[in-house]
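K.L.:
Mind having a look at this structure? Questions to follow.
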Amino acid sequence: MIAMQYRFPLPADYDMALIDRRIADRGHLTDGFPGLLFKAYLAARKAGPGRDNAYAPSYVWNTVEGMHAFLNGAGFAGVSDAFGRPSVATWLVWDARLADSIAQARFATVERRPIPPGTDLAALRRHETALAAEAVEGGRALAAVAGYEPGDWTLVRFRLWEREPAADTGVAVYGVGHVSLA
């Protein structure tokens, strides 16, 4: 599995209702997309915990072919035409857990932490897999994804929530407008 996210920072006075409408009108277009595990349509608002306006969709792919099909297809071309072609952050997924009620997600968090040199990656993977399982199986999160970006050795934790989580340093909080599933 591979995960990806791109983020469009928007001006402070940007009418975020335009993003809400975009998600409402186009969110269903990735429902059932080949190779996709899920896509969360994310938006941050200046008045929210992130204190900025942004559109930041996140994806978890079962296959790299699905990711290629999306990035090389009409959907990504449309978003690039509207906002400019973004840098797409990708990371390798150690574990992805989804609750049956994932479509009820209303909030998302993305946490990125450096992985120090000398870290036992196998032990870190076991730890992060256990945390992801605990988050979903314990009923706290609707989805929990754990992975890493080996280019700069960053741990990435992605979570979907039904209720707004407490803001924490180093954790980006977004509203979820739609969740597309395979």
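K.L.:
How many percent of Cα pairs in segment 1-129 exceed 21 Å?
P.N.:
47
K.L.:
Mind checking which of V64, Y174, N53 is farthest towards the positive end of the chain's charge dipole, using Cβ charges of +1 (Lys, Arg) and -1 (Asp, Glu) about the Cα centre?
P.N.:
N53
K.L.:
Here's something else I'd like to know. Can you give me the angle between helix 121-137 and the longest principal axis of the chain, using Cα atoms only, in degrees from 0 to 90, rounded to the nearest 10?
P.N.:
60
K.L.:
List, in order, the whole-Hz ³J(HN,Hα) value for each residue of segment 22-34 obtained from phi through the Karplus relation with A = 6.51, B = -1.76, C = 1.60 and θ = phi - 60°; use x for Gly and Pro.
P.N.:
4, 5, 4, 7, 10, x, 5, 5, 9, 4, x, 4, x
K.L.:
Using the Karplus equation 6.51 cos²θ - 1.76 cosθ + 1.60 (θ = phi - 60°), what ³J(HN,Hα) coupling, rounded to whole Hz, does each residue of segment 78-95 give in order, writing x for Gly and Pro?
P.N.:
With the stated coefficients, segment 78-95 comes to x, 5, 5, 5, 6, 10, x, 6, x, 6, 10, 6, 10, 8, 7, 8, 7, 7 Hz.
K.L.:
Oh, and also: Spelling out what I want: for every residue of segment 167-174, take phi, set θ = phi - 60°, compute 6.51 cos²θ - 1.76 cosθ + 1.60 (Karplus), and round to whole Hz; glycine and proline get x.
P.N.:
Here the 3J(HN,Hα) series is 5, 9, 4, x, 10, 7, 10, 10 Hz.
K.L.:
How compact and how long is segment 64-173, expressed as Rg and Dmax of its alpha-carbon atoms in Å?
P.N.:
15.5, 43
K.L.:
Still on this model: Solvent-accessible area per residue for segment 36-116 at a 1.4 Å probe radius, Å²?
P.N.:
On a per-residue basis, segment 36-116 sits at 46 Å².
K.L.:
Give, rounded to the nearest 20 debye, the magnitude of the charge dipole that the chain has about its Cα centre when Lys and Arg contribute +1 at Cβ and Asp and Glu contribute -1 at Cβ.
P.N.:
180
K.L.:
In nm, give the distance between the simple-model label positions of R21 and T129, each being 7 Å from the Cα along the Cα-to-Cβ direction.
P.N.:
With each label placed 7 Å out from Cα toward Cβ, I get 4.7 nm.
The values are calculated or read from the model by the stated rules, or taken from the named source; none is laboratory data. Please read all numbers here as calculations on a predicted model, not as lab measurements. Every residue, glycine as well, gets a Cβ built from its backbone with ideal geometry; the counts of neighbours run over all protein chains shown. For accessibility, only protein heavy atoms count, side chains too; no ligands or nucleic acids. Shrake-Rupley method; radii C 1.70, N 1.55, O 1.52, S 1.80 Å.
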